[in-house]
1. Of the residues Ser3, Ser29, Ser7, which is of a type in the set (S, T, N, Q), under 22 Å from Tyr120 (Cα atoms) and open to solvent by 10 Å² or more (accessible area, probe 1.4 Å)?
2. Just one of (1) over 21 Å from Trp249 (Cβ atoms); (2) more than 18 Å from the chain's Cα centre (by Cα) trips up Leu111, so point out which.
3. How many residues does the stretch 75-113 contain that are assigned to a helix (DSSP H, G or I), hydroxyl-bearing (Ser, Thr, Tyr) and over 21 Å from Met1 (Cβ atoms)?
4. Which ones in the stretch 109-132 are open to solvent by 10 Å² or more (accessible area, probe 1.4 Å) and either closer than 16 Å to His262 by Cα or in contact with a helix residue (DSSP H, G or I) (Cβ under 9 Å, 6 or more places away or on another chain) (or both)?
5. From the list Ala88, Ala78, Ala73, Ala100, exactly one residue is under 15 Å from the mean Cα position of the chain (by Cα), in contact (Cβ under 8 Å) with a residue 40 or more places away in the chain and open to solvent by less than 20 Å² (accessible area, probe 1.4 Å). Which is it?
6. Within the stretch 37-55, restricting attention to residues that are open to solvent by less than 10 Å² (accessible area, probe 1.4 Å) and part of a loop (DSSP other than H, G, I, E, B), which residue is farthest from Glu102 (Cα to Cα)?
7. Check Ser106, Ser94 and return the single one that is free of Cβ contacts under 8 Å to residues at least 60 places away in the same chain, hydroxyl-bearing (Ser, Thr, Tyr) and either open to solvent by 10 Å² or more (accessible area, probe 1.4 Å) or under 21 Å from Ala195 (Cβ atoms) (or both).
8. Does Val149 count as open to solvent by less than 70 Å² (accessible area, probe 1.4 Å), assigned to a strand (DSSP E or B) and at negative phi?
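The values are calculated or read from the model by the stated rules, or taken from the named source; none is laboratory data. These figures come from a predicted structure and were not determined experimentally. No Cβ is skipped: glycine too gets one built from the backbone with ideal geometry, and neighbour counts run over all protein chains shown. Side chains included, ligands, DNA and RNA excluded: accessible areas come from the protein's heavy atoms. Shrake-Rupley method; radii C 1.70, N 1.55, O 1.52, S 1.80 Å.
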Amino acid sequence: MPSVDASGTELHYARAGEGEPLLLIQGMSATHLAWGRPFLEGLERSFETIVFDNRGMGLSGEAEIPFTIADMATDTAALMDALELESAHVVGISMGGMIAQELALSQSERLRTLTIGASYCGGPEGTLMDPEDLQMLAAAFASGDRNQVFRAMWEINLSPAFREDESHYEPFTEMANALSSPRPVILQQMRACGAHDTHERLAAIDVPTLVVHGDEDRLLRYANGRQIAALIPGARLETLPGVGYMFWWEQPQRSAELIRSHALAAV
């Protein structure tokens, strides 16, 4: 993957496909590999896709700590500058959806369309994971046992129906284990997500917006998707029944088609 200096942060990125630019922003602890090839292939037929590793993650350079969601939105805008993209369709998942919210609020003219998936906007109605699930994840990370960590992530991130097929587990662990995800950076990402609050500002977003959320999401509950869609004028909520947090991993073709249709409708 090539890299660029994005306002002092080295970001590694990859481009593929042809068409209008579509920039994808990943979530907490994830690298560009978390998109999965089936999902990306569904988009590359219609768009020039750009994926990248957030600061401190995967192949990107070290992250100066602390940082905020707004700082990562600045990184994203600087990446667009470095790639000479005046504007792009933007897709943000989870923490990436929070970054996309800040980008849309600060530089709306650079977004052709916006898709927010499995994300959060703070406020009194915002809901994070249940305390029991948080304790399970914390215990897994504290154990130092990577297999325990992967099993905890597998359970939290994916729906029971998807997890019934154990053959899905190996590709998931290969993706999660392939690139560096430094623990201090992940902890700062968690703090940044906890401090994120755009709920009083989302009404200012004037970009065609699609919100996608699985109703079996245990990490960022489905109610968050409903809230975001209700607060952004004209936003459309697409509910995926029986699907967990990583909806693009569980249903890659359907997820890609939702984004493709939304983006092309605005052309």
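1. One residue alone meets the criteria, Ser29.
2. (2)
3. Within the stretch 75-113, residues that are assigned to a helix (DSSP H, G or I), hydroxyl-bearing (Ser, Thr, Tyr) and over 21 Å from Met1 (Cβ atoms) number 2.
4. Those that are open to solvent by 10 Å² or more (accessible area, probe 1.4 Å) and either closer than 16 Å to His262 by Cα or in contact with a helix residue (DSSP H, G or I) (Cβ under 9 Å, 6 or more places away or on another chain) (or both): Arg110, Leu111, Arg112, Tyr120, Gly123, Glu125, Gly126, Thr127, Leu128, Met129.
5. Ala100
6. Asp53
7. Ser106
8. Taking the combined requirement at face value, the residue does not satisfy it.
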